[in-house]
Amino acid sequence: QQQQQQQQQQQQQQQQQQQQQQQQQQNAWQQQAAAQQAEAMRKKQELEARRQQLEMETKRRQLEELEMKRKAMEEQKRMIEEMRLKQQQEQQMKMEAAAAARNAEIAKRQADIKKKQEEQQATLAIRRVVQKVRTATAENFDEMQQELATVCATELEKTGAEEKMREECQKAIEMAKGRVDAVLAARQKEVDRKAEVERLKLEQEANMLKLVQELTDLVVAAEEGTKLLDEVTTPLDESAKDEKITPAKVMKLVDAAETAGAEAKAKTKACTDFIMQRRQDLQVFKTGAPGAAGDSENKQNLSKLLTRIKEATRVADTALASAKEKKATAMKRAGALEKTKAIEAVFAKYDKDKDKMLSMKEVQAYAKGEFKFNVPQDCLKRIMEGPLVEEGKAGVAVASFHWLRATVGAARELERDMNRKKDREEKEHILIGVKDKLVEKVKVVATAVETAHKDVIKAEEKIVDMRKKAMGAHYDKHDALAAETDKVIKTSRASYEKVKKTLDGLSSIVDPKYAKDVDAFLDKEAKALKIQMKRMELRLTRASNLTTRLRDEAKETAVREIVTMKENVIKVIRYNQRVEELTTEQIFAEIDKNGDGEIDQEELAAWLESADKELKPFKPPAADEPEAEEKKEDAEEKKEDDKAEEAKEGEAKEGEAAEKPAEAEKEKIALVPKAGLVRPTALAPAVPEKEPEPEVIELDSDKLDEVFSKLCDEGESSLSKAVFFRSVQQFLKVIKETALTDVFPVTTSKPMRKLDAREVVEVLEGPIRDAKTKVTRVKCKALRDNVEGWATISSNLGTVFLREGKPSFKVVKETILTEEFQLEPEGKKEGEEEKNEEKKPD
């Protein structure tokens, strides 16, 4: 209803707007009539003014002429009045006809509005029921479907779109039916789900009881293992107090404790492994299954079992850690007992008289036997008279035996210090004389170093001279200059090596055992000489590198010249091919005079001799395409029509221009620019673009053989057709997306397709620069689909779209590079086949 009210309001507004437009049109007509009347009065006034002027100027005219003029004026006035009345009548008739047409249009619109209202009411009634059908439930779906059928039977014909409404009703019924079916299916699914949940609850309860029982058995076994471990580790506590314990007995107790501990750990690990394996089930039991019988009791039992597992694990870990500590204590005690027995055995070995004391003679025997050292007599006397021998005793007892060992070691170290001092004094005495001789020899070597330094300076001066000569000489002479310089460098290198050998051999005049001391002295005395020698070595290396670089640059220049000449040869071939409008096959046949399918050096040289080597820039092709001609004809026709219209307007305005000369003069004055202002004008002649100079290619016939070898494949003496095609064909790579058009001019061309980035095209014609748009274009063929057209290489703003590049393969995965086509020699394959045939069963 709101939509209908809005539509009625809109229709009323439209009617009001139409009435306003009609009123405005009537006012415009009245204004036009008033303007005509005003114009007639203005003309009348002008005529009256003329008449008065003529009367003043022609007083001598006769009264008859005045009367005739008066009558003519009255007749003219009468005619004007008749014309005005006629126009008013015509306007009145037009207004009456427009009012009649407007009334008919209003009546028609009212009838249409009434019809649309009836259709909308019928449609609204049907859609109300359709909405009920759409929201129907499984219980009232049939009732809503019957109600929709009743409404459609009475209101469907009144809608005006019977077929559309029928489809809408059918679609609503299908959607509602599908939704009701889905609801019924969901209800059935929910019933099945509840039954399944009940079944799973019962199954879960049985699994819980079984799982708790299994875990209980594992926990009992783990607790028994920890008790056994505690019983086994008890003897280790007692061993720590046993003074007769041996390491073997300790290890036996430790092995028993470790075995019991491993078993206890294995049993506790079995409990934890069981928990990890059945973690999901235990998590379900721990959280509890709602409604399950004995749920609280099962959770309590499970918690108790987990606590017992933790306690058993803690007891086992504590017992094992305690066993390790007890093992260390027992082993330390047993080791100490073993060492004491070993010391007592050594003491008994040298106690020849078995009086449990070592006399002076027995102490000397102990030192010789154990340390291979003769104890001095004064030291023996101090030992026997010192604190090591108790008062009233005749020798060293077992309790002081370790002090005896320390005293013998100190005496042996004192004797070694005396020997080292003697050797040092002897070495210093010898080195005093050697150092004086070395100082004299270093002075001699310094003179030789100075001579070698002069030779290095000569080599550097020769390098400077070589570089000056090389700058003004041809690269062919660089090798000779480098060889001449190498001779001087070789002489300097020989002088340097001789001095270096002498300097390195200074330390060979002394005993090798004093070599380190002599080297340290030489490093201090000859430090400046060695630094100077290192610098000379670097300078000689630099000189050698400069000669090597000169040779390399000469080789690079030669290669670059050959490559440039090769490019020029290809450029001449391409230019002549395009000038003569030949295909690659035809230009190959033209060079291959004997027709053997290959181009030799003589044939290429003969063709280059007669070829045009003055490369002139290509001009844009003529617009001879049908589309271009049609566009040109359309432009000419449009130009002629514009001229005709301008001529008509000029004729129409000729009278007005004659009546208003002053206004025209003002407009001319307004068009003149003010002083000091410079404005661009379209009439200024365009400055013609300077035509580029032709490129003249000069080829050196003496180097044509090297260029020809570069053109041919390696090891070939002639240029095959495939290699020629590969060299002459020019390819461009798309750097930025651009359009491939049908003709050369950018303004009249139509795009054929888009050239994507990284796509490759073959050049067929060009590059050519468009003088109007300042862009460089080329005719090419896309390798992707062989479509031919024109593409832009670079724009007038410097944007590059195409760049030179050939189709190439990119390595996307590591592979091998072989010298031959076959991966393996044929003989090896045949041998493998014979071997495979031998292995086949009969």
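The values are calculated or read from the model by the stated rules, or taken from the named source; none is laboratory data. Quick caveat, the model's predicted, so the values are computed rather than measured. Note: ideal-geometry Cβ built from the backbone for every residue, glycine included; neighbour counts use all protein chains shown. Side chains included, ligands, DNA and RNA excluded: accessible areas come from the protein's heavy atoms. Shrake-Rupley method; radii C 1.70, N 1.55, O 1.52, S 1.80 Å.
Of the residues ILE80, ILE106, the single one that is loosely packed, with under 14 Cβ neighbours inside 10 Å, touching a residue at least 24 places away in the same chain (Cβ under 8 Å) and more than 60 Å from the chain's Cα centre (by Cα) is ILE106.
Of note, ILE735 does not satisfy the criterion of being under 20 Å from ILE573 (Cβ atoms) and not aromatic (Phe, Trp, Tyr). In the set ASP465, ASP519, ASP511, ASP486, only one residue is modelled with pLDDT under 75 and under 60 Å from the mean Cα position of the chain (by Cα); that residue is ASP519. So which residues in the stretch 190-214 are within 57 Å of the chain's Cα centre (by Cα) and touching a residue at least 24 places away in the same chain (Cβ under 8 Å), if there are any at all? Listed by number, the residues that qualify are LYS201, GLN204, ASN207, MET208, LEU211. Got at least one residue in the stretch 375-387 being over 30 Å from ARG535 (Cβ atoms), aliphatic (A, V, I, L, M) and open to solvent by 100 Å² or more (accessible area, probe 1.4 Å)? No. The set of residues in the stretch 110-125 being touching a residue at least 12 places away in the same chain (Cβ under 8 Å) and either hydrophobic (A, V, I, L, M, F, W, C) or surrounded by 17 or more Cβ atoms within 10 Å (Cβ to Cβ) (or both) consists of ILE113, GLN120, ALA122, THR123, ALA125. Among the residues making up the stretch 572-583, those that are in contact (Cβ under 8 Å) with a residue 60 or more places away in the chain and either out of contact with any Phe, Trp or Tyr (no Cβ under 9 Å at 6 or more places or on another chain) or surrounded by 18 or more Cβ atoms within 10 Å (Cβ to Cβ) (or both) are VAL572, ILE573, ARG574, GLN577. Evaluated against (1) farther than 21 Å from GLN2 by Cα; (2) at pLDDT 85 or above, GLN110 falls short on exactly one condition, (1). Reported count of residues in the stretch 126-158, each being buried (at least 18 other Cβ atoms within 10 Å of the Cβ) and polar (S, T, N, Q), is 1. Just give me the residues in the stretch 235-255 being in a helix (DSSP H, G or I) and either modelled with pLDDT under 70 or open to solvent by 50 Å² or more (accessible area, probe 1.4 Å) (or both), in sequence order. Hits for the stretch 235-255 are PRO235, LEU236, ASP237, GLU238, SER239, PRO247, ALA248, LYS249, VAL250, MET251, LYS252, ASP255. Screening THR748 with (1) modelled with pLDDT under 80; (2) among the hydroxyl-bearing types (Ser, Thr, Tyr); (3) over 30 Å from SER610 (Cα atoms) gives one miss only, at (1). One residue alone among VAL232, VAL183, VAL220 is in a helix (DSSP H, G or I), modelled with pLDDT of 75 or more, open to solvent by less than 80 Å² (accessible area, probe 1.4 Å) and under 30 Å from LEU306 (Cβ atoms), and that residue is VAL220. Of the residues examined, GLN9 is not one that is assigned to a helix (DSSP H, G or I) and over 30 Å from GLN117 (Cα atoms).
For VAL763, the criteria (1) surrounded by 13 or more Cβ atoms within 10 Å (Cβ to Cβ); (2) more than 22 Å from GLN586 (Cα to Cα); (3) not acidic (Asp, Glu) hold in every case but one, which is (2). Among the residues of the stretch 395-407, those that are in contact (Cβ under 8 Å) with a residue 24 or more places away in the chain and either more than 16 Å from ASP351 (Cβ to Cβ) or exposed (fewer than 13 other Cβ atoms within 10 Å of the Cβ) (or both) comprise HIS402, THR407. Being among the charged types (D, E, K, R) and within 12 Å of VAL787 (Cβ to Cβ) is the filter here, so list the residues in the stretch 735-776 that pass it. Those that are among the charged types (D, E, K, R) and within 12 Å of VAL787 (Cβ to Cβ): ASP742, ARG753, LYS754, GLU759, GLU762. Residues THR547, THR557, THR564, THR541: which one is under 20 Å from ALA480 (Cβ atoms) and modelled with pLDDT of 85 or more? Only one candidate qualifies: THR547. Of the residues LYS393, LYS332, LYS327, LYS372, the single one that is at pLDDT 75 or above and either under 60 Å from the mean Cα position of the chain (by Cα) or not aromatic (Phe, Trp, Tyr) (or both) is LYS372.
Every condition in (1) within 30 Å of ARG753 (Cβ to Cβ); (2) modelled with pLDDT under 85 is met by GLY827 except one, and the failing one is (1).
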